[in-house]
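Report on one structure; see the data block that follows.
The values are calculated or read from the model by the stated rules, or taken from the named source; none is laboratory data. What you are looking at is a predicted structure, and each value in this text was computed from that prediction instead of being measured. Quick reminder, even Gly has a Cβ in these numbers, built from the backbone with ideal geometry, and neighbours come from all protein chains shown.
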Amino acid sequence: MSDDDDQTPDDDGKGEGENLPGWGSSDKRRRRQGGPVKKGGDARAAKQMFERVKTARGRKTSSTRWLQRQLNDPYVKKAQMEGYRSRAAYKLLQLDERFKLLKPGMRVVDLGSAPGGWVQVALKAGASEVVGIDLLEIEAIAGATLLQKDFTEDDAPALVKAEMGGSADAVISDLAPWTTGHKSTDHLRIVALAEMAAHFAVETLKPGGFFIAKVFQGGSDDGLLNLLKTNFEKVRHFKPDASRSESAETFVVAMGFKG
Ligand SMILES: C[S@@+](CC[C@H](N)C(=O)[O-])C[C@H]1O[C@@H](n2cnc3c(N)ncnc32)[C@H](O)[C@@H]1O
């Protein structure tokens with residue numbers, strides 16, 4: 001993923017740190033872990049004491065750190081209580097709260113969807129159609145079409161468009177490449193994905209539509225910004241509270257597609 005915070009316990013370069021245990025897996029596995037999450041759970045549960053993870057033999061220190069952070073992350077707990085598949089869901093909810101973007105009946109393309117938190121948020125806001133794509137398999141969500149495919153493959157944009165069957169009101173991208181640990185390389189990779197997403201948005205959106213993409217703070221993304229400023233009425237950067245403060249991740253929001 002795009003920042004150190006989103007990495008798996010087992011692999012310093014790849015990650016599903018946004019994902020909650022039990023999602024993207026079989027129902028059997030979810031049952032083993034305590035059953036499906038109920039909506040509107042007990043808020044007191046979010047105030048549990050700080051949990052320490054014992055360093056198990058064979059588990060790397062970085063894995064222990066990741067697990068400890070997940071166990072003590074308020075958004076992880078909130079997502080489990082409210083039935084969202086990832087803590088990332090709160091990033092979109094907070095972007096929407098700030099810019100009032102999602103409306104009932106919207107047709108939404110979600111790039112980098114797994115495990116499906118943003119898809120859930122769009123549907124809950126009343127989207128009439130959601131098409132998602134990810135390298136990883138995404139467990140089915142009623143009301144959404146979910147593709148397992150690399151978005152950078154030549155035929156991917158056309159496939160997503162065909163599934164949408166027409167233009168979209170929103171293209172939202174939480175695409176995050178596996179990190180290498182080398183800051184400037186990681187930055188270039190995330191900007192390249194965001195630029196691809198932006199070109200796709202320009203080809204796919206209806207006039208008035210909006211675009212969101214995950215980017216890194218402090219790097220040069222002039223190409224992306226110029227493209228957005230040319231094609232949208234308003235372009236803003238926003239780092240939601242759910243985006244960890246120590247992470248360089250932020251979001252670019254482009255509103256009022258000129259068509
Ligand atoms: C931060 S996660 C998305 C979380 C998601 N928004 C949610 O709410 O559950 C980023 C996702 O981007 C996906 N990704 C990275 N590169 C990709 C690519 N080239 N094509 C498709 N998906 C990609 C990763 O597999 C990962 O699942």
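Quick check, is LYS183 over 29 Å from GLY259 (Cβ atoms) and either more than 15 Å from the ligand (Cβ to nearest atom) or over 16 Å from the mean Cα position of the chain (by Cα) (or both)? So LYS183 fits the description; yes. Among the residues of this structure, VAL130 counts as one that is among the β-branched types (Val, Ile, Thr) and more than 8 Å from the ligand (Cβ to nearest atom).
For the stretch 86-104, a residue qualifies if it is in a helix (DSSP H, G or I) and under 14 Å from PHE210 (Cβ atoms), and the qualifying residues are LEU92, LEU95, ASP96, ARG98, PHE99.
So which residues in the stretch 155-182 are touching a residue at least 24 places away in the same chain (Cβ under 8 Å) and charged (D, E, K, R), if there are any at all? Across the stretch 155-182, the qualifying residues are LYS161, GLU163, ASP169, ASP174. Taken as a whole, the condition of being outside any helix (DSSP H, G or I) and either modelled with pLDDT under 95 or hydrophobic (A, V, I, L, M, F, W, C) (or both) does not apply to GLU139. When GLY223 is tested against the conditions (1) at pLDDT below 95; (2) away from the ligand (no atom under 16 Å from the Cβ); (3) within 19 Å of the chain's Cα centre (by Cα), the lone failure is (3). Among the residues making up the stretch 71-117, those that are polar (S, T, N, Q), within 14 Å of the ligand (Cβ to nearest atom) and over 12 Å from the mean Cα position of the chain (by Cα) are GLN80, GLN94. Checking ASP154, ASP134, ASP186, ASP174 one by one, the residue that is under 25 Å from ASP221 (Cβ atoms) and surrounded by fewer than 22 Cβ atoms within 10 Å (Cβ to Cβ) is ASP154 and no other. Scanning the stretch 147-192 for residues that are assigned to a helix (DSSP H, G or I) and among the acidic types (Asp, Glu) turns up GLU163, ASP186.
The set of residues from the stretch 221-235 being closer than 17 Å to LEU193 by Cβ and surrounded by 12 or more Cβ atoms within 10 Å (Cβ to Cβ) comprises ASP221, GLY223, LEU224, LEU225, LEU227, LEU228.
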